[in-house]
Amino acid sequence: MSKKIFSGVQPTGNLHLGNYLGAIKNFVELNNDDANECIFCVVDLHAITIKQDPKELKKNIRETVATFVASGIDPKKSIIFNQSGVAAHSEFAWILSCVARMGWLNRMTQFKEKAGKDKEKASIGLYSYPVLMAADILLYDATHVPVGDDQKQHLELCRDIAQKFNNDFGVENFLKVPEPLIQKVFSRIMSLKDGSKKMSKSELSDLSRINLTDDEDQIITKIKKAKTDPLLMPKDIKELEGRPEAQNLIGIYTSLNNSTFETSIKKYAGKNFSDFKNELSEVVVSKIIPISKEIKKLLEDNSFLDSILLDGVERANKIASKKIKNIKEIVGF
Ligand code: AQP
């Protein structure tokens with residue numbers, strides 16, 4: 001079945017193995033299927049919900065484009081663009097913020113986590129982040145949205161917002177209610193230092209994540225230093241219970257090999273973690289180093305990266321401007 005795909009990544013630096021395994025790897029597979037129409041967005045409007053240094057932001061936008069291309073997304077086939085280049089995203093987000101309910105947004109766990117204890121000091125943008133995300137997706141009639149497991153709640157909200165808009169304005173099926181596409185095997189990659197926290201760009205310790213620009217030595221050191229537990233490798237899935245760090249490392253290994261937990265566990269049952277970590281390093285290096293080298297090469301050619309965005313903005317604008325015109329008509333503007 002042909003799918004209309006939309007997804008985004010924030011240009012907030014330090015793109016990591018979690019972003020790759022949770023989202024970008026899936027983007028590449030979807031891009032490679034000729035039946036799909038794919039749009040991959042560098043969500044720079046989302047990035048500024050937390051204060052950004054303008055020079056760093058510009059650099060990170062290009063680095064995100066370079067990461068998409070280096071990972072295998074073809075910019076001629078799929079649309080790669082930055083969100084701020086298409087004004088309809090902001091316009092539609094405002095309209096949808098008048099449709100979405102405070103009670104719905106109050107339940108969003110990402111806001112609670114990111115705002116921390118001092119909610120009063122968080123930006124309004126951080127609070128309404130999921131409404132902008134709904135606008136992004138719904139503008140392009142996306143049927144499927146590949147995201148990491150952490151974005152599942154936002155996608156459910158997007159579905160609710162679409163249905164409410166259609167009901168409120170009596171336009172059945174005008175906004176398409178999208179389906180999430182979440183990796184089945186292991187969809188949330190955790191910090192290498194704490195198996196209860198997700199691997200994240202903003203975590204202070206660089207040892208908590210494998211960056212997609214890390215070199216071989218950095219990857220090997222980080223995996224060697226990754227937290228484990230004093231037990232041997234599990235002999236079956238049950239033995240993984242209550243061992244989040246072991247589960248995370250085996251999950252990363254399994255996901256990179258497109259394998260299953262059962263197969264990975266069987267291979268290393270009863271062995272020391274050090275043996276497993278050596279092989280895990282080899283797998284991560286073999287998958288990530290080619291991407292890392294390509295990102296660095298692409299970053300030497302800013303005009304090439306900018307031309308991808310310019311072309312993408314033009315193509316995205318064609319689709320979004322038609323949809324926003326119809327939306328304004330429906331709203332009564
Ligand atoms: N740890 C993760 N495991 C699986 N998927 C993940 N994603 C992010 N972290 C993990 C997925 O990557 C896509 C792009 O994420 P994003 O950059 O738009 O937003 P994020 O979730 O805020 O990323 P970070 O790394 O966690 O940034 P900070 O540290 O700023 O909070 C999304 O599909 C996301 O699910």
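The alpha carbons of region 40-160 stretch over 41, 33, 28 Å along the principal axes, in descending order.
By the gyration tensor of its Cα atoms, with a ≥ b ≥ c the square roots of the eigenvalues, what is the shape of region 95-144: rounded for a/c under 1.5, prolate for a/b over b/c, or oblate? Prolate, because a/c is 1.5 or more and a/b exceeds b/c.
By how many nm would the segment from LYS266 to ARG243 grow when fully extended, if each residue of separation counts as 0.36 nm and the alpha-carbon distance is taken off? In short, 6.6 nm is gained. Could you give the length gained on full extension between ILE124 and ASP217, defined as 0.36 nm per residue of separation minus the Cα-Cα distance, in nm? Taking ILE124 through ASP217 to full extension adds about 29.4 nm, to one decimal.
What trypsin sites (Lys or Arg not before Pro) in region 38-95 are in a loop by DSSP, with at most 13 other Cβ atoms within 10 Å of the Cβ? If you can, show how the numbers build up before the last one.
Details: sites: LYS51, LYS55, LYS58, LYS59, ARG62, LYS76, LYS77; in loops: LYS51, LYS76, LYS77.
Counting only loop positions with at most 13 other Cβ atoms within 10 Å, the trypsin sites (Lys or Arg not before Pro) in region 38-95 are LYS51, LYS76, LYS77.
Each residue of region 146-163 was assigned a 3J(HN,Hα) from its phi angle through the Karplus curve 6.51 cos²θ - 1.76 cosθ + 1.60 (θ = phi - 60°); the sequence is x, 9, x, 4, 5, 9, 4, 5, 5, 6, 5, 5, 4, 5, 5, 5, 4, 5 Hz, with glycine and proline shown as x.
Taking the Cα centre of the chain as origin, work out the dipole magnitude from +1 charges on Lys and Arg Cβ and -1 charges on Asp and Glu Cβ, in debye rounded to 20.
Details: 49 positive and 45 negative charges, 108 e Å.
Dipole size: approximately 520 debye.
For LYS76 and LYS297, a Förster radius of 22 Å and the Cβ-Cβ distance give a FRET efficiency of 0.75, rounded to the nearest 0.05. Once the Cα atoms are used to define both axes, helix 302-331 deviates from the longest principal axis of the chain by about 50 degrees. P(r) tail for the chain, what percent of Cα pairs lie past 37 Å? The share of Cα pairs beyond 37 Å in the chain comes to 19 percent. Potential lengthening of the chain between ARG107 and VAL283 amounts to 59.5 nm, from the contour at 0.36 nm per residue minus the alpha-carbon distance. Once the GluC sites (Glu not before Pro) in DSSP loops with at most 12 neighbouring Cβ atoms within 10 Å are cut out of the chain, the longest remaining piece is 1-171. Seen through its C-alpha gyration tensor, with square-root eigenvalues sorted a ≥ b ≥ c, region 138-186 comes out prolate because a/c lies at 1.5 or above while a/b is bigger than b/c.
In this structure the amide hydrogen of GLY8, modeled in the peptide plane, comes within under 5 Å of the amide hydrogens of CYS41, none closer than 5 places in sequence on its chain. With the cut-off at 25 Å, tell me which of the pairs LYS3/LYS25; LYS51/LYS117; LYS112/LYS222 have Cα atoms farther apart than that. The pairs that break the limit, which is 25 Å between Cα atoms, are LYS112/LYS222. Accessible surface for the chain, divided over its residues, is 49 Å² per residue with a 1.4 Å probe. Evaluating 6.51 cos²θ - 1.76 cosθ + 1.60 at θ = phi - 60° for every residue in region 73-80, the Karplus couplings come out as 7, 8, x, 7, 7, 8, 8, 10 Hz, glycine and proline recorded as x. Given +1 at the Cβ of Lys and Arg, -1 at the Cβ of Asp and Glu and no other charges, the dipole of region 1-153 around its Cα centre is 420 debye to the nearest 20. Rounded to the nearest 5, what % of the DSSP beta bridges within the chain are antiparallel ones? Beta bridges within the chain, antiparallel portion: roughly 10 percent. When Rg and the Kirkwood Rh are both derived from Cα coordinates, the Rg/Rh ratio for region 206-297 amounts to 0.98.
Which of the three applies to region 1-108, rounded, prolate or oblate, going by the alpha-carbon gyration tensor with a ≥ b ≥ c and a/c under 1.5 meaning rounded? Judged from the Cα gyration tensor, region 1-108 comes out oblate (a/c at least 1.5, b/c at or above a/b).
The values are calculated or read from the model by the stated rules, or taken from the named source; none is laboratory data. These figures come from a predicted structure and were not determined experimentally. A quick note on method: Cβ atoms are made from the backbone with ideal geometry, for glycine too, and the neighbour counts reach across all protein chains shown. The protein model used for the area step is the full one, side chains on, heavy atoms only, and it has no ligands, DNA or RNA in it. Shrake-Rupley method; radii C 1.70, N 1.55, O 1.52, S 1.80 Å.
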